[in-house]
1. At a Förster radius of 41 Å, what calculated FRET efficiency corresponds to the Cβ-Cβ distance of residue 545 and residue 324, to the nearest 0.05?
2. Among 344, 3, which comes first, then next, by fewest other beta-carbon atoms within 10 Å?
3. Relative contact order of the range 322-425: what whole-number percent is it, with Cα pairs under 8 angstrom and at least 6 residues apart?
4. Taking the simple approach of a point 7 Å from Cα along Cα-to-Cβ for both residue 458 and residue 190, what is their distance in nm?
5. In which sequence would 474, 579 go, from the one with the fewest C-beta neighbours within 10 Å to the one with the most?
6. Take the Cβ-Cβ distance between residue 262 and residue 410 as r, set R0 to 60 Å, and report the resulting FRET efficiency rounded to the nearest 0.05.
7. Under 1.5 on a/c is rounded, so check that first for the range 411-464, then, if it is not, pick prolate when a/b is larger than b/c and oblate when it is not; a ≥ b ≥ c are the square roots of the alpha carbon gyration tensor eigenvalues.
8. Quick check: the distance between the Cα centres of the range 319-334 and the range 483-545, to the nearest angstrom?
């Protein structure tokens, strides 16, 4: 604002005129005529600044509408001030400063228009109860302003009625301005509010306090200058709206009641005259308004307490009957709160769980992958973590949980990490079963061709592959039936697993064909595995109480695991070569 040339020019002009009126340059006639000539100029400036504020950078459409409507007080003031300037010019002595009836009417009309604009502005009040409090507070201020105006202004002076009415309107306007600034939708910046309220207050003060002819004119010039530059200040500071200060209670009606009680001893010292009766009536009205407001507040509090009780009952019912476990863990990793669902899901009571480390219940195999994330979660406010892990049941079993956690330690009402855990054991079992079925043979439980290729792709460096084909297996099916043949395949798979070294993978890739992947083993080591398998086949396979001798041919190939197609083709050729040798030998 200090760098705005328009504001600087207005401030400089106001200061110059104030000094002129204080020293009374040119005499009373010149000073008074100058005063009433300056007022229309201030009105034009007020109109210009208000219209600029309405079209300014403020992104709040309600604020722009407020300034557009408020700008119309300027033409009303202008009409009255021009009439007074004409009357003063025609006055023979040229020294009158008493407003004429038309000028007073214009000022009152403009004040009413401004008050109406302020009251029509959306104040962000929600609900009928808030509006009831608003109007009760407004009425309390109006009563206090009326009583104060009656006591301060002389009742015999005809112009005192107009001053009293102005006091009444000023009190109401001040209250409305304060409500606008304290609302959630202020139409003006805080700097603008301070400037304009100060200007209105000084204008009222000039009518109440006798500062002499020149002092009153100087004070009115300062007041007019402040009120005029208010819209310009808002335009300059539109990016910094007035801060919202919310209270759980309002002291305004009680303040007016205290003011009435404070005035009572002052007026009673002269006896029970008219002033005393005015104060007593004001005290009665203020008390009535405060009582009504208190009843409204009590009714609202009762409704809020009932709603709070309903919400607490609803929340308690949801927590007590929910199958999800909600817990809070402090910065030390200790459980400080857990919902009753832990008793239904994990058969652990709340008393036993609270105060224990959360990691105590996580499966040892699931803890290492999530431990770093848990540490970061506990030490970082607002951090979040989602994971799946097994938690111990009281019966010794393990249950899978999906856990969503967020660190809310920065919230005093929480003070820890909040976690919501849902039991997904059945879903995890089904998921594991489907995954196993997709990668394993249903009959033997060995890996299928897809998993065999995946293991070869995962292997680094060289690998050996054994391809196993059962000799004359079709004869077993034709002679004893497929159910016996299936039992034989299961028995063969068991013996193949028995000789499988660590890191190896055994798979069934066809009806009676098997394969073994041995990463990082050469052909000689693979031959040892094959010989051990053939040795186990020397023992007949028991299938449905029948002892059947099973023979197999094995092909072995060694090579880069990355070239799995070539490796499998070479093992296949070696296996068919072993079959030919077996037929020749027989």
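1. Details: r = 53 Å, r/R0 = 1.28.
The formula returns an efficiency of 0.20 here.
2. Ascending number of Cβ neighbours within 10 Å: 3, 344.
3. So the answer I get is 29 percent.
4. 6.4
5. Least to most surrounded, the residues fall as 474, 579.
6. E between residue 262 and residue 410, to the nearest 0.05, is 0.85.
7. On the way: a/c = 6.99, a/b = 2.12, b/c = 3.30.
Oblate, because a/c is 1.5 or more while a/b does not exceed b/c.
8. The distance from the Cα centre of the range 319-334 to that of the range 483-545 comes to 50 Å.
Since every read-out is calculated from the coordinates, none of them should be taken as a lab result. Note that the coordinates shown come from a computational prediction; the quantities given were computed from them, not determined experimentally. Don't worry about glycine lacking a Cβ; one is built from the backbone with ideal geometry, like all the others, and counts go over all protein chains shown.
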